[in-house]
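> What follows is a single structure, and I will ask about it in a moment.
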């Protein structure tokens with residue numbers, strides 16, 4: 001199976017695009033990007049040069065993914081969210097080659113209109129609320145909201161808020177998987 005690209009999309013040379021991936025209207029995949037299998041790239045998306053996107057990543061409409069960003073498998077990027085890649089941009093100062101790296105770990109979700117300031121990694125299965133402005137690293141399973149983003153809880157891999165008991169154990173209401181909170185870190189109990 002090959003990928004699908006709408007006729008209005010632009011795909012520059014040197015890109016690797018995985019089987020089953022769909023690229024929709026007016027999107028631009030710039031040179032040397034790597035997109036995994038079964039991704040969905042929404043309308044009016046820009047994927048800048050050298051970006052790496054894993055398998056089964058969902059990118060909603062109007063998203064900009066700039067050079068320096070890596071999205072691991074199963075990431076969700078909500079409508080109109082944006083990554084930055086330079087901490088101190090100036091129009092007249094060329095800072096190409098000074099891009100900060102940002103990694104969005106497996107299973108993380110970033111809500112609509114959120115902004116991820118460059119150099120701040122998003123942990124596995126973290127959940128970034130709509131409109132949040134992330135200015136620091138976000139731990140695995142964390143639920144963060146606001147500007148600047150602050151942690152208000154923890155989320156399961158299925159996207160449900162975790163309520164920990166006195167022993168630090170929580171159960172996802174959908175999957176019934178159990179999680180442990182210890183030393184301000186969450187892990188799934190296998």
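The values are calculated or read from the model by the stated rules, or taken from the named source; none is laboratory data. Bear in mind that the values here come from a model prediction, so they are computed numbers and not experimental data. Backbone-built Cβ (ideal geometry, glycine too); neighbour counts: all protein chains shown.
> Just give me the residues in segment 174-190 being under 24 Å from the mean Cα position of the chain (by Cα), at negative phi and not in a strand (DSSP E or B), in sequence order.
The answer is 174, 175, 177.
> If I filter segment 111-120 for residues that are part of a strand (DSSP E or B) and farther than 20 Å from residue 155 by Cα, do I get at least one hit? Spell out how you get there, then give the answer.
Taking segment 111-120 as the starting set, the residues that turn out to be part of a strand (DSSP E or B) are 115-116.
Filter again for farther than 20 Å from residue 155 by Cα, leaving none.
No, segment 111-120 has no match at all.
> Further, regarding this structure: Determine whether residue 144 is modelled with pLDDT of 95 or more, outside the structural domain of residue 82 (by TED's automatic domain parsing) and not in a loop (DSSP other than H, G, I, E, B).
Values: modelled with pLDDT of 95 or more: yes; outside the structural domain of residue 82 (by TED's automatic domain parsing): no; not in a loop (DSSP other than H, G, I, E, B): yes.
No, not satisfied.
> Testing residue 62 on (1) part of a strand (DSSP E or B); (2) at positive phi, one condition comes back false. Which one is that?
With respect to (1) part of a strand (DSSP E or B); (2) at positive phi, residue 62 is out only on (1).
This table checks each residue for (1) in a loop (DSSP other than H, G, I, E, B); (2) outside the structural domain of residue 111 (by TED's automatic domain parsing); (3) at pLDDT below 95.
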position: 19; (1), (2), (3): yes, no, no
position: 32; (1), (2), (3): yes, no, no
position: 38; (1), (2), (3): yes, no, no
position: 70; (1), (2), (3): no, no, no
position: 74; (1), (2), (3): yes, no, no
position: 85; (1), (2), (3): yes, no, yes
position: 90; (1), (2), (3): yes, no, yes
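> Considering each of 63, 51 in turn, give the residue that is in contact with a strand residue (DSSP E or B) (Cβ under 7 Å, 6 or more places away or on another chain), crowded, with 17+ Cβ neighbours inside 10 Å, under 30 Å from residue 161 (Cβ atoms) and modelled with pLDDT of 95 or more. Please lay out each step first, then the result.
On the way: 51 fails: under 30 Å from residue 161 (Cβ atoms).
After ruling out the rest, the residue left standing is 63.
> Next up: Checking the conditions here, which among 142, 112, 126 is within 13 Å of the chain's Cα centre (by Cα) and within 21 Å of residue 173 (Cβ to Cβ)? Show your work before the answer.
Details: 142 fails: within 13 Å of the chain's Cα centre (by Cα); 112 fails: within 21 Å of residue 173 (Cβ to Cβ).
That would be 126, the only listed residue that is within 13 Å of the chain's Cα centre (by Cα) and within 21 Å of residue 173 (Cβ to Cβ).
> While we're looking at this one, here's another question. Restricting attention to segment 71-80, does a residue exist that is over 20 Å from residue 121 (Cβ atoms) and without any contact (Cβ under 8 Å) to a residue 24 or more places away in the chain? Break it down into steps so the answer makes sense when it comes.
Narrowing segment 71-80 to residues over 20 Å from residue 121 (Cβ atoms): 79-80.
Those left that are additionally without any contact (Cβ under 8 Å) to a residue 24 or more places away in the chain: none.
Scanning segment 71-80 turns up no residue that is over 20 Å from residue 121 (Cβ atoms) and without any contact (Cβ under 8 Å) to a residue 24 or more places away in the chain.
> Looking only at segment 25-37, which residues are crowded, with 18+ Cβ neighbours inside 10 Å and within 18 Å of residue 55 (Cβ to Cβ)?
Listed by number, the residues that qualify are 29, 33, 35, 36.
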